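J.: First the structure, then my questions, so here it is.
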Amino acid sequence: MRVQILGTAAAEGWPAIFCGCKTCRRARESGGKDIRSRASIQIDDVLKIDLPPDTYYHSIRYGLDLAALKHLFFTHSHHDHFAIGELDYIKPPFAHELRNAPIRIYGNESVIHAIETRFAETDMPYELHKLEPFVQVRADHLTFVPIPAQHKPDETALNYLVLSDTGTLLYAADTGLYNDNTIDHLSRYVFDLLIVECTQGKLDMPSHLHMGFDGVLQLRDRLVASGAIRNHTRIVLTHFSHNIGMLHSELEEIANPEGIEVAYDGWSTEL
């Protein structure tokens, strides 16, 4: 499977849209890998995780053919991951000739309820599928396993294991440190790639809603101890807040010595 990270920023983007802080000014001046849009990933040509408000920009910048989209998975209902208004445009007169309609949309109870409520009176070209933690879903040639994230107290936010014949991926965007039950489940697998959020960087902040770099190291060490991470496993950081104050090269200075990579918008790999 081909995995492309379309966006690597937290909710405000980076540089943040209305921000004039030193870090955002530095990012605007630097450009390149220091320009970060809201988080999402594309898997092969027909599967996507999350629909941020930057989706149109992603489609143009990376040449995505979203008329071919088959499966759309949501992590949770925060706007930077679930820009529900973008779903207005998947039917005529805004869109024609969807090649894989109905699009299969997957999410937790809050996400599915929000979609059902907004589009109750319309004929939309999708099928809705409510997910339960740890219950596998087959999506074309891949198997998705939703796991509970530690992020939004009023709903079961989800992260995803993605399994194929050629590789095993954990996409962990928007979560604090996992509880023991989730770690036990993850320990059943051997991972080829972990894409893990690092919203808090090196800031000294609570880890119950987001991870920082120390949380990433804790997750890595627990999965190494269980055998789920081995020598070939790649760990890639994503979902950064501008408040951490470190540009891409500065993040690499702390991550690379630990054998960890720092993602940028457009980063891709094959598993």
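J.: How many residues does the range 168-179 contain that are modelled with pLDDT of 95 or more and either aliphatic (A, V, I, L, M) or surrounded by fewer than 19 Cβ atoms within 10 Å (Cβ to Cβ) (or both)?
T.: Number satisfying all stated conditions: 3.
J.: Across the range 190-229, what is the total count of residues that are part of a loop (DSSP other than H, G, I, E, B), out of contact with any Phe, Trp or Tyr (no Cβ under 7 Å at 6 or more places or on another chain) and modelled with pLDDT of 95 or more?
T.: The total comes to 4.
J.: A further question follows. When the residues of the range 233-271 are narrowed to those that are aliphatic (A, V, I, L, M) and assigned to a loop (DSSP other than H, G, I, E, B), which ends up nearest to L193 (Cα to Cα)?
T.: My answer is L271.
J.: Also: If you go through the range 66-74 one residue at a time, do you hit one that is modelled with pLDDT of 95 or more, aliphatic (A, V, I, L, M) and either touching a Gly at 6+ places or on another chain (Cβ under 7 Å) or closer than 25 Å to H248 by Cβ (or both)?
T.: no
J.: In contact (Cβ under 8 Å) with a residue 12 or more places away in the chain, surrounded by fewer than 17 Cβ atoms within 10 Å (Cβ to Cβ) and basic (K, R): does that describe R118?
T.: yes
J.: Please state which one of G245, G259, G227 is under 24 Å from G13 (Cα atoms), among the small types (G, A, S) and touching a residue at least 12 places away in the same chain (Cβ under 8 Å).
T.: G245
J.: Could you tell me whether the range 68-80 includes any residue that is closer than 27 Å to L271 by Cα, under 14 Å from the mean Cα position of the chain (by Cα), in contact (Cβ under 8 Å) with a residue 60 or more places away in the chain and part of a strand (DSSP E or B)?
T.: yes
J.: Here's another thing I want to ask about it. State whether the residues of the range 11-28 include one that is farther than 21 Å from L237 by Cα, assigned to a helix (DSSP H, G or I) and of a type in the set (S, T, Y).
T.: No, the range 11-28 contains no residue that is farther than 21 Å from L237 by Cα, assigned to a helix (DSSP H, G or I) and of a type in the set (S, T, Y).
J.: Residues in the range 72-85: is at least one surrounded by fewer than 21 Cβ atoms within 10 Å (Cβ to Cβ) and over 29 Å from L209 (Cβ atoms)?
T.: no
For (1) of a type in the set (V, I, T); (2) within 15 Å of R36 (Cα to Cα); (3) exposed (fewer than 15 other Cβ atoms within 10 Å of the Cβ); (4) in contact with a Ser or Thr (Cβ under 8 Å, 6 or more places away or on another chain), each residue gets a yes or a no:
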position	(1), (2), (3), (4)
V196	yes, no, no, yes
H210	no, no, no, yes
V216	yes, no, no, no
D221	no, no, yes, no
H232	no, no, yes, no
L247	no, yes, no, yes
E252	no, no, no, no
N256	no, no, yes, no
T269	yes, no, no, no
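The values are calculated or read from the model by the stated rules, or taken from the named source; none is laboratory data. Nothing here was measured: the structure is a model prediction, and the numbers come from that model. All Cβ positions, even for glycine, are placed from backbone atoms using ideal geometry, and neighbour counts span all protein chains on display.
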